[in-house]
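Structure record follows, encoded as structure tokens.
Please treat every number below as a calculation from the coordinates, not as lab data. Every value quoted in this text rests on a predicted model; they were computed, and no experiment measured them. We place every Cβ from the backbone using ideal geometry, glycine too, and count neighbours over all the protein chains shown.
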């Protein structure tokens, strides 16, 4: 197993019993860039409030940041550009499932997510959905007005977004952005990777790859992509079990297969996203699963585990599994991975305080930052 030291820290905590912070994900602006003249990275985290009285009822994004590698954090501040927009008298629009990541070619912090519509504070079941994106202004310390990625005019792209996905940036500045999509009235979603052009302001569709699906409730969603060695690896959420596949160009992939341990037993992840940690010498998966004395946790979404992957067999090496964020009754399935530096990678996760009563196990909406300090002899693929 590739050696690393785990340091578990927090960026925020506090629970009011009515709302909670969710979708805590961060991006790092390297030192020596506009808005960050210091040698250390400026790490910007986004998250948003969830109303506990509904299902996936989110409010506008907020930001907090650290200039000292997480020793201190600012308080969360609301982002006016992400405030809910009233579209009709009883219809509102906002952005959720947002993920910031540094785009080296344009030297910008680019965040991607998707749109969501609410009627009377309930998610509209048959609705349009689009990939939303925004660029962080490091001087003003504010996100700029968000835009929508324009997709081909096809019925199945009427509901298409990059919510909670993990993208991969190419050396030429192009972006491989995983999305999932369907016609608004359909029940089964497909996943694909969109190759995009990004000039620092506008994200533009070029083409998309294989359209992956499965005839299991809701199909594939929340895909995450990474490159390791000569292959691209794609992990996929499904209601019954997580799936994985790989390919040579980031657009075309083998038939997806269920995630398993190296002894052949199924991983036990289901109806929850998974994300990658990539190092120059090893590939890791971060996930949740059954079978960890966690039957009291909604969909077994805690603790967060990380394990090394066998890239040839496409399986999880059981002996390397480690719990990196603890289980305290609340779910942790909506999390993010941040490449802070070649020596350090962070996993960020907020305790999602549903259903009510999960606090009796100790959770208090802590926003965790699990820092992976790589062995000095090994450097991350940053």
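Once the C-beta distance of residue 72 and residue 2 is scaled by a Förster radius of 35 Å, the resulting FRET efficiency is 0.75 to the nearest 0.05. A Förster radius of 25 Å, combined with the Cβ-Cβ distance separating residue 106 from residue 280, puts the computed FRET efficiency at roughly 0.60. Put simply, the Cα atoms of segment 18-144 extend 47, 31, 18 Å along their principal axes, the longest span coming first. Working from Cα pairs under 8 Å separated by at least six residues, relative contact order for segment 149-258 is 21 percent.
For residue 206 and residue 255, the FRET efficiency from 1/(1 + (r/R0)^6), where r spans their Cβ atoms and R0 equals 25 Å, is about 0.50.
In this rough spin-label picture, where each label sits 7 Å from Cα along the Cβ direction, the residue 322-residue 38 distance is 2.7 nm. The distance between label points at residue 373 and residue 16 comes to 3.6 nm (points 7 Å beyond Cα on the Cα→Cβ vector).
Normalised by the number of residues in segment 18-144, the average gap of Cα pairs under 8 Å and 6 or more apart makes the relative contact order 21 percent. Look at the alpha carbon pairs under 8 Å that are at least 6 residues apart: their mean separation over the length of the chain gives a relative contact order of 15 percent.
In segment 185-221, whose amide N lies under 17 Å from the spot 7 Å out along Cα-to-Cβ of residue 81? List them in ranges. Zone members listed by number: 198-204. Placing pseudo-labels 7 Å out from each Cα toward the beta carbon at residue 150 and residue 120 gives an inter-label distance of 3.7 nm.
To one decimal place, what Kirkwood hydrodynamic radius in Å is obtained for the chain from all pairs of distinct Cα atoms? Working shown, then result.
On the way: mean 1/r = 0.0483 Å⁻¹.
Value: 20.7 Å, from the Cα pair sum.
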